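Worksheet: one structure, shown below.
Where a number appears in this text, it was derived from the coordinates with a stated rule and is not lab data. Bear in mind the structure is a predicted one, so any value in this text is a computation, not a measurement. Please note: Cβ atoms are built from the backbone with ideal geometry, for glycine as well, and neighbour counts cover all protein chains shown.
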Amino acid sequence: MDVPSTVFTDRMTHDRPTIIFSTGSLRLDIALGIGGIPHGTIIDINAPQAGGKTTLVYHIIAEAQKKGGVCAFIDSDRAFDPCFARQCGVQVEQLYFSQPEYAEQAFDIIETLAGSGAFSVVTLDSLNSLVPYHELTSPIGGPAGLSGGDLLETELELLARSLRKLSSMLHRTGSAVLFTSQSDRQMSTIYHQLADHPARLALKLNASIRLRLSHLCNLIYDERVIGARIRVRVIKNNFAPCLQPTDFDIIHHQGIDKTGEVLDLGVHCKVIQQKNTGIYFQAERLGKTVGEAIHCLNENVIVRNDIEKAIRQLLIPDIHPAVT
């Protein structure tokens with residue numbers, strides 16, 4: 001979906017506009033209140049296993065690449081799927097890719113790429129797979145160089161130190177750094193005992209936007225599971241109020257269902273009219289049924305973009321098209 005990039009002016013400083021890229025989900029862009037992900041920020045995306053966090057990252061990268069941005073994907077999970085990334089719109093041949101061996105190396109790569117000013121989006125997927133160098137170099141079956149508690153503490157200190165450096169340089173370089181992490185109910189109780197170690201607060205304090213994703217239900221068509229509905233909660237947003245939770249659909253072998261969102265929101269905002277003779281956008285007939293309208297919008301991307309632009313102007317009034 002080729003959506004014009006937008007400019008958001010900081011309400012506090014009013015001195016530096018921030019270019020914003022869409023998340024790939026129109027509902028999530030609206031929930032964020034500014035139309036997408038701003039440059040020069042740290043984004044925390046938290047979700048359980050199969051919660052849609054990597055799919056969302058793929059779409060953010062795809063939207064940034066459409067605007068000519070250079071993106072990097074740091075795969076500590078060893079789970080990057082180039083075929084699915086292409087289906088989400090990622091230009092894999094133009095994506096900088098790395099698989100670090102240990103946590104210190106991953107943080108060094110992030111600092112180098114984000115500090116260069118050449119990258120629009122740098123992603124680490126995910127924090128949970130990072131292992132400190134001390135743990136990798138300890139002999140198998142022998143005594144480790146550090147105890148389990150010290151390993152966790154060391155990893156947290158590495159993250160806190162890296163985030164302090166990133167926070168100061170991102171405003172200058174304009175890169176957006178995305179961190180994904182896997183949530184777990186059993187570890188949540190221990191993790192939220194923040195008084196034990198201040199470094200646990202590092203990502204929460206330094207992130208400008210924090211998203212929490214969860215699997216809501218499966219999408220079933222003709223007795224087959226074709227996708228999943230994901231619920232997103234914006235639990236922190238430095239640029240706009242945190243609104244109500246929003247949902248988006250992920251279709252297998254396709255990614256986020258952008259056309260379905262545009263059609264639903266268009267009808268809700270009365271940008272699209274449903275009549276007895278069919279479904280219309282202005283004077284153009286999209287089809288008689290919802291299925292025909294979705295097929296029409298998939299085939300005619302220009303019309304879909306016009307509908308999306310009208311929806312954005314209604315639901316995100318503070319966002320204005322960038323002057324190019």
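Miscellaneous remarks
- Under-5 Å amide H pairs with ASP77, H placed in peptide plane, nonlocal only: ASP125, SER126
- Partner lysines whose Cα lies under 26 Å from the Cα of LYS288, excluding those fewer than 8 positions away in the same chain, are identified as LYS258, LYS270, LYS275, LYS309.
- Spin-label pair GLN273/LEU314, simplified geometry with 7 Å Cα→Cβ offset, distance in nm: 1.3 nm
- Cβ-Cβ FRET estimate between VAL290 and CYS217, R0 fixed at 25 Å, reported to 0.05: 0.80
- Annotation for ASN300 and ARG224: the two label points, set 7 Å from Cα along the Cα-Cβ direction, are 2.9 nm apart.
- Rounded if a/c under 1.5, otherwise prolate or oblate - the range 221-296, Cα gyration tensor axes: oblate
- Mean Cβ count within 10 Å, highest first, over the residues of peptides 66-76, 279-289: 66-76, 279-289
- Computed from backbone phi, the HN-Hα couplings of the range 71-78 come to 10, 10, 10, 9, 9, 7, 6, 6 Hz, rounded to whole numbers (Karplus: 6.51 cos²θ - 1.76 cosθ + 1.60, θ = phi - 60°; Gly and Pro given as x).
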